[in-house]
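See below for the structure under consideration.
The values are calculated or read from the model by the stated rules, or taken from the named source; none is laboratory data. Predicted model, so just to flag it, every value in this text is computed and none were measured. All Cβ positions, even for glycine, are placed from backbone atoms using ideal geometry, and neighbour counts span all protein chains on display.
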Amino acid sequence: MALLDQIVEDRIQVALARGELDHLPGSGRPLQLDDDSMVPEHLRMGLRILRNAGMVPPEIESLREAHALGRLLQTAERREEQDRARRRFMMLLYRLEAAGLAHTSRAVLAEYQPALLRRLHGGVSGENDRASADRDA
């Protein structure tokens, strides 16, 4: 990465000397920097490039999908749909744990577990489950 850092720094210096950076939007105001102090230094540049390109780490995508499946499980009407969503939900939680995010997977499970257990033990009913799930949220 040192070579890439040097190339970037050289290009910035050339652009500064030409005056290409003089009238940029936000000039004279503090930068809004991301706090990436918890990210290992050797991963920061790559992750920043991916984030700026709209990509997210697989763990974050798994977390988003787990939340969406948790909501689906609370409202699914058909047993097959519930079973498929529940299997995928649990697989995503295991994936989060394998990525070293056990505390995150436990938090996701805790968020949806009460409503899921009510639905599983009480069968697929209608508005009563939804109302109690809304109360729990």
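For region 91-137, enumerate the residues that are over 16 Å from the mean Cα position of the chain (by Cα), modelled with pLDDT of 75 or more and buried (at least 17 other Cβ atoms within 10 Å of the Cβ). Answer for region 91-137, where residues must be over 16 Å from the mean Cα position of the chain (by Cα), modelled with pLDDT of 75 or more and buried (at least 17 other Cβ atoms within 10 Å of the Cβ): just TYR112.
Is it true that ALA76 is at pLDDT below 80, among the aliphatic types (A, V, I, L, M) and surrounded by 12 or more Cβ atoms within 10 Å (Cβ to Cβ)? Yes. ARG64 fulfils the conditions (1) closer than 30 Å to HIS121 by Cα; (2) in contact with a helix residue (DSSP H, G or I) (Cβ under 6 Å, 6 or more places away or on another chain) except for a single criterion, (2).
Only residues that are charged (D, E, K, R) and under 14 Å from ILE60 (Cα atoms) were counted across region 83-98, and they come to 2. Total residues in region 10-67 satisfying the condition of being of a type in the set (Gly, Ala, Ser), over 30 Å from ARG88 (Cα atoms) and exposed (fewer than 10 other Cβ atoms within 10 Å of the Cβ): the figure is 6. State whether the residues of region 26-35 include one that is within 30 Å of LEU101 (Cβ to Cβ), under 17 Å from the mean Cα position of the chain (by Cα) and not hydroxyl-bearing (Ser, Thr, Tyr). Among the residues of region 26-35, at least one is within 30 Å of LEU101 (Cβ to Cβ), under 17 Å from the mean Cα position of the chain (by Cα) and not hydroxyl-bearing (Ser, Thr, Tyr), which makes the answer yes. Scan region 50-90 for residues that are over 29 Å from ASP36 (Cβ atoms) and in a helix (DSSP H, G or I) and the total you get is 17. Restricted to region 1-43, and to residues there that are closer than 20 Å to PRO57 by Cα and not in a loop (DSSP other than H, G, I, E, B), the residue that is modelled with the lowest pLDDT is LEU43.
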